[in-house]
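Have a look at the structure below before the remarks.
The values are calculated or read from the model by the stated rules, or taken from the named source; none is laboratory data. Just so it is clear, the structure is predicted and the values come from calculations on it, not from any experiment. Cβ coordinates were reconstructed from backbone atoms using ideal geometry, including for glycine residues, and neighbour counts include every protein chain displayed. The accessibility values were calculated without ligands, DNA or RNA, using every heavy atom of the protein model including side chains. Shrake-Rupley method; radii C 1.70, N 1.55, O 1.52, S 1.80 Å.
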Amino acid sequence: MRVFCFVLITVFSFNLSYSQDFNGAWKKVYKDSLNQSTIKLFSNSYFTSATYLKSSGEFISASGGTYSVSETDYIENYEIDSDARAVTGSYLNYDYNLKNDTLKLNDKNSRHKETWVRIDTADKAGVTCWKIHQAYRNSEWVTIEDKPRKTLKMLTDNYYQVLALNSQTGEFFGSSGGKWKYEDEKHHEMIFFFSKNPNMVSKILSFDKEIENDLWLHKGKSSKGDYIEEKWKKFK
């Protein structure tokens, strides 16, 4: 039993060390589409991705799920893809090469190739994937139960993405994202894209922020202008 546990711990640590090499934000390299931008954010075991037009912030697509990395394989398990519900639960297996902040992926089935460049790291405290846990409504905290329907927020040192989904049905509810910073004791989010409300592009939302015991207390005005208080917990 001890030998078995040791092997599991060794394998887990091995995979984690590779996944940490991915942590941060990556931008997809396009040969032709100069106006289109695709940004993918990684925590230790989760990824989110979004594609939008740089000129207008027009939303095109979003996806997210878990991933694993070994010495030879990079594997994505999709929880959501805004373009196709059928993708939910499917795996994509890639050969990969990571060198000098350039990531090259080669889909083992379709042979489709992609190149990504790192544009951000994930070294700050509290930078990871968070899931909505509680909301303050009618003078009390309401717990949002663990269900397939969830809202996630991924943070790297400077980038963020919010993703609302149902990981069981593949239903996509919306996504927004851009850059964030902590300044003057406030958490500020500059919106680059917003699938539900394009009018919010280029606007900044500011919140009070407190992280304690893996819970993030979040206070401020929503994109609709309503005052909100929420608690988010570390997810992946």
### Query
From the residues in segment 102-113 that are open to solvent by less than 40 Å² (accessible area, probe 1.4 Å) and more than 20 Å from the chain's Cα centre (by Cα), which one is farthest from LYS31 (Cα to Cα)?
ASP107
### Query
With SER63, SER19 as the choices, which residue is of a type in the set (Ser, Thr, Tyr), at pLDDT below 95 and on the phi < 0 side of the Ramachandran plot?
SER19
### Query
Within segment 162-169, is there a residue that is closer than 27 Å to ASN197 by Cα, surrounded by fewer than 13 Cβ atoms within 10 Å (Cβ to Cβ) and among the β-branched types (Val, Ile, Thr)?
yes
#### Entry: Among (1) part of a strand (DSSP E or B); (2) open to solvent by 50 Å² or more (accessible area, probe 1.4 Å); (3) under 18 Å from SER43 (Cβ atoms), the one test that GLU79 misses
(2)
### Task
Identify all residues within segment 79-123 that are at positive phi and either of a type in the set (Gly, Ala, Ser) or in contact (Cβ under 8 Å) with a residue 40 or more places away in the chain (or both); write none if there are none.
GLY89
### Task
Tell me, please, whether a residue that is among the charged types (D, E, K, R), closer than 30 Å to ASN35 by Cα and without any contact (Cβ under 8 Å) to a residue 24 or more places away in the chain can be found in segment 205-223.
no
### Out of TRP130, TRP141, TRP116, sole residue that is part of a strand (DSSP E or B), among the hydrophobic types (A, V, I, L, M, F, W, C) and open to solvent by 80 Å² or more (accessible area, probe 1.4 Å)
TRP141
### Message
For segment 167-189, give me each residue that is within 16 Å of the chain's Cα centre (by Cα) and either at pLDDT 95 or above or not hydroxyl-bearing (Ser, Thr, Tyr) (or both).
### Response
PHE172, PHE173, GLY174, SER175, SER176, GLY177, GLY178, LYS179, TRP180, GLU189
